[in-house]
Amino acid sequence: MRRLFSFVLLIGVTVPISAQRMLSLDSCRALALRNNKQLNIAKLKRDIASNTHKAVKTKYLPKVDVAGTYLWSSKEVSILNNDQKNTLSNIGTIFTSSVGPELNNVLTALVQDGTITMEQASKFGQIVNAQSPAIASAMNNFGNRVKDAFRTDNRNIFAATITVKQPIYMGGAITAANKMAEIGEQLASNNHEANLQSTIHDIDKAYWLVVSLKQKDALAGKFVELTSKFNEDVKKMIREGVCTRADGLRVDVRQNEAEMAKTKVEDGLALAKMYLCQLCGIPMDENIILEDENKSSIGVSESPLEVNMETAMQHRPELKMLQNSIDMSLQSTKLTRAAYLPQVAALGGYTISNPNVFNGFEHKFGGFFHVGVLVRMPLWSWREGHYKINATKAATTIAQMELAEAQEKINLQVTQNSFKVKEANKRLAMSAKNLERAEENLRCANLGFREGVMQITEVIAAQTAWQEAQSQKIDAEIELKLTQVDLQKSLGTLGF
């Protein structure tokens with residue numbers, strides 16, 4: 001039975017521990033960088049810019065297009081008009097009808113001249129008249145074949161063409177577009193870096209806020225124990241008649257205040273942990289323990305950070321993005337100018353069609369190759385290009401002024417944060433000395449109270465001073481951590 005009870009007790013102890021999650025500052029950063037939505041959006045934007053740059057590079061290469069067409073027409077295109085078609089269809093009839101009278105006149109003239117006899121002329125006329133229908137029919141058939149040969153029969157048209165276009169000179173537009181795409185890729189990368197540093201900055205602040213509240217929660221617990229023990233001592237002294245009931249009421253109020261302060265700190269700690277979980281991308285109700293929250297003293301770096309303005313100017317992503325804007329504006333000017341310069345491209349291709357127009361509208365596919373050069377030269381646009389170029393130059397000037405202003409503000413920000421770090425170091429040293437004095441003062445007050453030379457109010461004041469000194473030391477340590485983080489962010493080295 002004892003073994004079973006020990007086993008159940010072990011399970012009850014280990015299950016809550018296994019449900020807890022230990023997180024260090026680096027693990028919190030890693031979780032936030034992996035799960036932060038804005039950072040993931042910035043990564044996708046960087047991928048978009050990279051693919052856009054690759055797409056713009058293809059403008060240097062020849063483009064091949066293929067097009068196919070089918071067209072049905074309700075009417076047929078006719079090369080011959082209706083009169084010409086009728087003439088060709090009846091050419092034999094027309095010929096024989098016009099040749100017959102002329103032949104009779106010729107035969108009559110030959111008879112009169114005595115060249116042939118009347119009998120010979122009559123026989124020849126009979127032969128001609130007998131063959132006229134056959135001649136007319138043969139010639140009509142021939143005319144119909146000629147008429148049919150002129151038919152286009154274009155009611156069903158099939159056509160296809162393949163075209164190759166190679167830019168030769170586009171006024172510098174392709175080069176400018178490629179440089180703009182490259183700058184856009186750099187801009188997206190710098191934007192991702194800015195989001196990364198901002199995320200790390202938020203994580204560090206949330207992390208040290210939780211650590212601070214956890215330290216204050218532990219302090220509040222100690223203060224509750226201190227006031228509780230003092231309250232018990234006072235009640236014993238009241239029973240012995242050494243202290244009055246009014247003294248006991250003062251101590252009760254102080255203990256209640258301590259317990260209420262601890263409750264507030266616990267609520268704040270719970271909210272701070274929920275916010276940290278939200279930044280890390282884990283469930284907000286997950287029970288987490290931070291690596292630094294249970295340490296008696298927060299380890300702070302005593303070596304000062306090296307403050308170098310050149311470092312800030314080289315690493316701050318905001319300045320890089322402003323420089324990208326300037327470069328982008330310069331390329332925009334070149335791109336605008338290119339639209340008003342000559343453009344030259346080589347063209348080539350192959351076209352097939354059915355009916356085949358190269359062999360009398362034959363119903364077979366036939367085609368041809370073609371090559372050429374396309375030249376485009378804008379002549380007059382009422383100085384539109386001049387105005388657009390001036391506008392892009394003005395935009396470049398604005399971007400340069402914004403960069404100069406940002407550099408001045410960052411210079412001021414770095415200087416201000418470096419002063420804050422120095423002040424935080426001094427405040428930490430002063431809070432450590434004040435804590436030593438407060439601890440000694442509390443020890444003397446407790447000793448004096450036991451000896452009967454000090455009042456309860458003096459002990460309460462000593463306890464309050466000790467609590468404030470402890471709280472100030474925690475605040476000073478956290479402030480030093482946060483000012484160092486702020487200085488790193490202002491230098492652009494946060495996360496390096």
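Numbers at a glance
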item: Residue check, Gln84 of a type in the set (S, T, N, Q), modelled with pLDDT under 80 and either assigned to a helix (DSSP H, G or I) or over 30 Å from Ser353 (Cα atoms) (or both); result: yes
item: Residue among Thr351, Thr336 that alone is part of a strand (DSSP E or B) and open to solvent by less than 40 Å² (accessible area, probe 1.4 Å); result: Thr351
item: Residue list for the stretch 371-398, restricted to those being open to solvent by less than 100 Å² (accessible area, probe 1.4 Å) and in contact with a strand residue (DSSP E or B) (Cβ under 6 Å, 6 or more places away or on another chain); result: Gly372, Leu374, Val375
item: Tally, over the stretch 233-281, of residues that are touching a Ser or Thr at 6+ places or on another chain (Cβ under 8 Å), at pLDDT 90 or above and open to solvent by 80 Å² or more (accessible area, probe 1.4 Å); result: 0
item: Some residue of the stretch 220-235 being within 30 Å of Ala30 (Cβ to Cβ) and in contact (Cβ under 8 Å) with a residue 40 or more places away in the chain; result: no
item: Pick from the stretch 187-224, criterion open to solvent by less than 40 Å² (accessible area, probe 1.4 Å), within 29 Å of the chain's Cα centre (by Cα) and among the hydrophobic types (A, V, I, L, M, F, W, C), ranking: nearest to Gly492 (Cα to Cα); result: Ala194
item: Qualifying positions in the stretch 142-154 - open to solvent by 80 Å² or more (accessible area, probe 1.4 Å), farther than 25 Å from Trp72 by Cα and in contact (Cβ under 8 Å) with a residue 40 or more places away in the chain; result: Phe142
item: Candidate set from the stretch 403-445 (those that are within 30 Å of Asp233 (Cα to Cα) and without any contact (Cβ under 8 Å) to a residue 24 or more places away in the chain); member that is nearest to the chain's Cα centre (by Cα); result: Lys433
item: Cross-chain or 6+ apart pairs with Cβ under 6 Å, the stretch 40-67 first and open to solvent by 60 Å² or more (accessible area, probe 1.4 Å), then outside any helix (DSSP H, G or I) and not acidic (Asp, Glu); result: Pro62/Val164; Pro62/Gln166; Lys63/Lys165; Val64/Val164; Asp65/Thr163; Val66/Ile162
item: Counted residues, the stretch 450-473 - those being small (Gly, Ala, Ser) and buried (at least 22 other Cβ atoms within 10 Å of the Cβ); result: 1
item: Residues of the stretch 344-375 that turn out to be over 15 Å from Asn156 (Cβ atoms) and among the aromatic types (Phe, Trp, Tyr), as a count; result: 4
item: Enumeration of residues in the stretch 339-348 that are touching a strand residue (DSSP E or B) at 6+ places or on another chain (Cβ under 8 Å) and open to solvent by 20 Å² or more (accessible area, probe 1.4 Å); result: Pro342, Gln343, Val344, Ala346, Leu347
item: All positions within the stretch 474-496 that are open to solvent by less than 40 Å² (accessible area, probe 1.4 Å) and part of a helix (DSSP H, G or I); result: Ile474, Ala476, Glu477, Ile478, Leu480, Lys481, Thr483, Gln484, Val485, Leu487, Ser490, Leu491
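The values are calculated or read from the model by the stated rules, or taken from the named source; none is laboratory data. These numbers come from a predicted model, not from an experiment. Here Cβ is always computed from backbone atoms with ideal geometry, including for glycine, and neighbour counts include all displayed protein chains. Each accessible area value is taken on the protein alone, full model and side chains, heavy atoms only, with ligands, DNA and RNA left out. Shrake-Rupley method; radii C 1.70, N 1.55, O 1.52, S 1.80 Å.
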